[in-house]
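Trainee: Take a look at this one; I'll ask things after.
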Amino acid sequence: MSIKILSTGLVAIALSLATGCTPTTPHDDNISEVPPAQSVQTTESPSPSPTASPTTPGQNTPSSSDKEFMTEAAQGGLAEVQLGQLASQRGTSDAVKQYGQRMVQDHTLVNNQLKQLATQKGVTLPTSLDSKNKQVQQSLSKLSGAKFDRQYLNHMLQDHEKDVSAFQTEAEQGQDPEVKAFAAQTLPILQEHLQQVRSLVNPGSSTSTPTPTSTPTTTP
């Protein structure tokens, strides 16, 4: 009888120990809820650098009309310089010699600016006179005295009328902004050249005939 009582007591103790072990497990669930809020601060990677690059390639692509204007302006500038040198040497009147010297000075500056612009745009400019301007140079080189002065001034008058018209059109309707700016910057110089040569061809046509007053404005 005492053995049965002891066995039943041991079973009861074993059951109470088994049920007493279960409440220890739920404490582990509260610890595992902390780490999931750590992967939020990773948004420092936007880099606005690619937006700055597309501005450069568009600047080096002038239109065909802009290229044609640059080529004709370069050819005209070469002719103005070489014919101006001829006028400063073969001119009879001081006014013609001074006008030729101004053509050399002003158009040398303009030609240098146009060369710099052409290298930026990848445009190849002429470096020698074309056949038309060569013929003009050869015909003028055969003249002397008052005939040379008259022919040179008449050519400068016609040439600068065309130049002013071409530069004005480019300054208003050109597509490349830098080529337009070059035309607009050079236009006042060409207009002064035209006014001066008009006063030399027709002295009574304009009241502002003094040539030395207009010469200081050589810097564009």
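Trainee: Would you mind counting up the charge near residue 117? Only other residues with Cβ under 15 Å from its Cβ, with Lys and Arg at +1 and Asp and Glu at -1.
Mentor: That works out to -2.
Trainee: 7 Å from Cα along Cα→Cβ at both residue 195 and residue 172: what's the point-to-point distance in nm?
Mentor: 1.9 nm
Trainee: While we're on this one: Treating only the Cβ atoms of Lys and Arg (+1) and Asp and Glu (-1) as charged, compute the dipole magnitude of the range 64-207 about its Cα centre; round to the nearest 20 debye.
Mentor: Charge dipole, the range 64-207, about its Cα centre: 600 debye, nearest 20.
Trainee: Run the numbers for residue 108 and residue 129: contour at 0.36 nm per residue of separation, minus the present Cα-Cα distance, in nm.
Mentor: Extra length available between residue 108 and residue 129 comes to 6.1 nm.
Trainee: Ok, one more. Set the bar at 23 Å for Cα to Cα. Now go through 115/180; 67/97; 97/180; 97/134 and name every pair that lies beyond it.
Mentor: Pairs exceeding the cut-off: 67/97; 97/180.
Trainee: To continue, here is another question. Compute the FRET efficiency between residue 141 and residue 94 as 1/(1 + (r/R0)^6), taking r as their Cβ-Cβ distance and R0 = 25 Å, and round to the nearest 0.05.
Mentor: E between residue 141 and residue 94, to the nearest 0.05, is 0.80.
Trainee: HN-Hα J couplings of the range 189-204 from phi, Karplus 6.51/-1.76/1.60, θ = phi - 60°, integer Hz, Gly and Pro as x?
Mentor: 5, 5, 5, 5, 4, 5, 4, 5, 6, 5, 5, 7, 6, 10, x, x
Trainee: Under 5 Å between amide hydrogens, which residues at least 5 positions from residue 129 or on another chain qualify, with H placed 1.01 Å from N in the peptide plane?
Mentor: For residue 129, whose amide H was placed from the backbone, there are no distant partners under 5 Å.
Trainee: Then there is this: Can you give the percent of C-alpha pairs in the range 76-218 whose distance is more than 25 Å?
Mentor: Roughly 27 percent, once rounded to a whole number.
Trainee: State whether the range 91-136 is rounded, prolate or oblate according to the following rule on the C-alpha gyration tensor (a ≥ b ≥ c being the square roots of its eigenvalues): a/c under 1.5 gives rounded; otherwise a/b larger than b/c gives prolate, and the remaining case gives oblate.
Mentor: oblate
Trainee: Here is a follow-up. Which of 203, 139, 186 sits farthest toward the positive end of the charge dipole of the range 118-212, with +1 on the Cβ of Lys and Arg and -1 on the Cβ of Asp and Glu?
Mentor: My answer, from the dipole projection, is 139.
Trainee: While we're looking at this one, here's another question. With r as the distance between the Cβ atoms of residue 157 and residue 119 and R0 = 41 Å, compute the FRET efficiency 1/(1 + (r/R0)^6) and round to 0.05.
Mentor: Result of the calculation: an efficiency of 0.80.
Trainee: Count the net charge of all other residues whose Cβ sits under 11 Å from the Cβ of residue 87, scoring Lys and Arg as +1 and Asp and Glu as -1.
Mentor: Net of charged neighbours comes to +1.
Rule-based calculations on the coordinates, nothing more; no lab input. What you are looking at is a predicted structure, and each value in this text was computed from that prediction instead of being measured. Methodologically, a virtual Cβ is constructed for each residue, glycine included, from the backbone with ideal geometry; neighbour enumeration extends over all protein chains shown.
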